[in-house]
Amino acid sequence: MHDHISWEALNSFPGLDTPEEIQAAATTRVAPRSDLGDVPAYLIDSEVRKHLAGLYIPSSEEVTLIQKFVGMARAHRARNYVDPKDYFQRLYNRRYQGNDFRAPVCLTGPAGVGKSSLMQAVHRILPQSQEVNLGPQGGRLRASASWFICAQDRSTVSKMLRSFVQAEWIDAPKDTTQAVAGIIFKNAVSLIILDEMQFMTQSAQANTAVTKALYQFSHLGAPLAFVANYSLCNLLLRRPEQDRQRLLATPSVLLPSRPDSEDWKIYLAAVTEALSPTLQVDLASQRFEMFEKTAGLKRLLTYLICSAYAAAWEQGRHQVVASDLANAFSSTAYSVHRKQVQAMLIEKPSKTNAQYQCPFPLVAATAEAVANDRAVARERRLAEELQKELLRPIAHQAAAHIQKISDKSRETLAAAPTPKRPVRRAGKLSAAELLQTEVQRKGGGPLMPR
């Protein structure tokens, strides 16, 4: 079902004008899963992961970035869709800037910070499949504000675009920039989002393949925003200067929320609510502990919680408590993520954490905040280790005292004389003996002989 709008409304994206409106439009919450206790152990990991995948609460930084990408799409519409007459002239004369290069915008950040979720939110809140009335002689236009394209294992641009263009080729050779640019202009596509490009870096020619793909997308006439982790950015930074200046001219960096920020508290509270009543931990009240276990990365928080659920369910318990999260952090299943967290929270750059360092210089205030968060995390770790060291002698003394008492009790029991049991004579008693026993039982003395 399509929305029907007028040409004048094509350039407006209602409800996306202010940060508050974007926050409301992009946020998706999930209801508590009260039935998780009935999920068998072999399914609990996937069920928790699937449930949390529907939760998206953008931080204030994410809202700013979403607003930026929405603004790119809005500006493109305002420049290129002035009136229907101009639209038809450019469409039929093929004057839709299909060969002009437009510098893309790179969205980068550490793996697991939520870059893909952010761009999915941009695509979700932008208008899709709108039927635009072009007047009595123009018919209708089906407008889509954005295309969301996942590179994944598709090795060529034509394969990435196939599902978007196969139904409406313009009279031009297939898989050409001009043909695709015509379809993009015709459908008023105003933002192309390219994600999962790290899958293109698995070959010896990765550097060349990624660069070529970005150039091809940048010549399609619509603004391009591509998602790249730090390793892909480092790969592109090794390109010649002319490539770096064109493809990495305007990077945007998404960093994790700070441990003491309201954004982090709100997100943790939403996760707690989504998993109640089986999650018996107030994550927001343990926001520093959760940051130290995940480095503030939402993907790692999901991994940590899923590991805790799996371990609890295997033990026959259908509730997760704080000790389960602590054990999950130390578990083998979380070992790879634990190493990443520890590397990311190292205060100074080193070979250990080089791959987690932002390849672009951060503004002074942001760099200082990141360094401060790492310092706080380090101080908390040292304080925890110091407390353990201080408690260790006390624990040893208590154990030695208990052992001493136990040993003394065993010695006392061993030295105590064994109580003698009355000896019972075998055989039957005589009549005289029975009579004597009865008299003594009644308090009498021994019988006197006659």
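The values are calculated or read from the model by the stated rules, or taken from the named source; none is laboratory data. Given the structure is predicted, the values throughout are model-derived calculations rather than measurements. Cβ coordinates were reconstructed from backbone atoms using ideal geometry, including for glycine residues, and neighbour counts include every protein chain displayed.
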Checklist entry - Of the residues in segment 260-285, how many are in contact (Cβ under 8 Å) with a residue 24 or more places away in the chain and in a loop (DSSP other than H, G, I, E, B)? => result 8
Checklist entry - Take the residues of segment 197-232 that are of a type in the set (A, V, I, L, M, F, W, C) and in contact with a Phe, Trp or Tyr (Cβ under 7 Å, 6 or more places away or on another chain): which is nearest to residue 181 (Cα to Cα)? => result 224
Checklist outcome for this item: Within segment 153-175, of all residues that are modelled with pLDDT of 70 or more and exposed (fewer than 14 other Cβ atoms within 10 Å of the Cβ), the one nearest to residue 196 (Cα to Cα) is 159
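Could you say whether any residue in segment 30-40 is closer than 26 Å to residue 195 by Cβ, under 29 Å from the mean Cα position of the chain (by Cα) and in contact (Cβ under 8 Å) with a residue 40 or more places away in the chain?
Checked against the condition, which is being closer than 26 Å to residue 195 by Cβ, under 29 Å from the mean Cα position of the chain (by Cα) and in contact (Cβ under 8 Å) with a residue 40 or more places away in the chain, segment 30-40 yields at least one hit.
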Item to check | Count of segment 308-322 residues which are small (Gly, Ala, Ser) and in contact (Cβ under 8 Å) with a residue 60 or more places away in the chain | outcome: 1
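Residues are listed down the side, and each one gets a yes or a no for (1) surrounded by 14 or more Cβ atoms within 10 Å (Cβ to Cβ); (2) in a helix (DSSP H, G or I); (3) at pLDDT below 90; (4) not hydrophobic (A, V, I, L, M, F, W, C):
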site	(1), (2), (3), (4)
203	no, no, yes, yes
209	yes, yes, yes, no
215	yes, yes, no, yes
225	yes, no, no, no
236	yes, yes, no, no
242	no, yes, no, yes
258	yes, no, no, yes
Item to check | Residue among 275, 283 that alone is at pLDDT 95 or above and in contact with a helix residue (DSSP H, G or I) (Cβ under 6 Å, 6 or more places away or on another chain) | outcome: 283
Checklist outcome for this item: Subset of segment 77-110, residues in contact with a Lys or Arg (Cβ under 9 Å, 6 or more places away or on another chain) and under 25 Å from residue 22 (Cβ atoms), comes to 80, 103, 104, 105, 107, 108, 109
Checklist entry - Which of (1) crowded, with 21+ Cβ neighbours inside 10 Å; (2) in contact with a strand residue (DSSP E or B) (Cβ under 7 Å, 6 or more places away or on another chain); (3) closer than 16 Å to residue 188 by Cβ does residue 72 not meet, given it meets every other one? => result (1)
Checklist outcome for this item: Result of the Cβ filter at 7 Å on segment 157-168, keeping first residues that are of a type in the set (Phe, Trp, Tyr) and partners that are modelled with pLDDT of 80 or more, at least 6 apart or interchain, is 164/147
Item to check | Of all residues making up segment 70-110, the number that are of a type in the set (Ser, Thr, Tyr) and out of contact with any helix residue (DSSP H, G or I) (no Cβ under 8 Å at 6 or more places or on another chain) | outcome: 2
Checklist entry - Name the residues in segment 244-253 that are part of a strand (DSSP E or B) and either surrounded by 20 or more Cβ atoms within 10 Å (Cβ to Cβ) or touching a Ser or Thr at 6+ places or on another chain (Cβ under 8 Å) (or both), would you? => result 251, 252, 253
Checklist outcome for this item: Subset of segment 18-65, residues at pLDDT 95 or above, among the acidic types (Asp, Glu) and either surrounded by 12 or more Cβ atoms within 10 Å (Cβ to Cβ) or assigned to a loop (DSSP other than H, G, I, E, B) (or both), comes to 21, 45, 47, 61, 62
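If we scan segment 3-15, do we find a residue that is outside any helix (DSSP H, G or I), in the same structural domain as residue 180 (by TED's automatic domain parsing), out of contact with any His (no Cβ under 7 Å at 6 or more places or on another chain) and buried (at least 17 other Cβ atoms within 10 Å of the Cβ)?
no
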Checklist entry - Does residue 129 satisfy the criteria of being modelled with pLDDT under 95, buried (at least 16 other Cβ atoms within 10 Å of the Cβ) and hydroxyl-bearing (Ser, Thr, Tyr)? => result no
Checklist entry - Which one of the conditions (1) free of Cβ contacts under 8 Å to residues at least 60 places away in the same chain; (2) within 21 Å of the chain's Cα centre (by Cα); (3) under 19 Å from residue 250 (Cα atoms) does residue 227 fail to meet, given that it meets all the rest? => result (1)
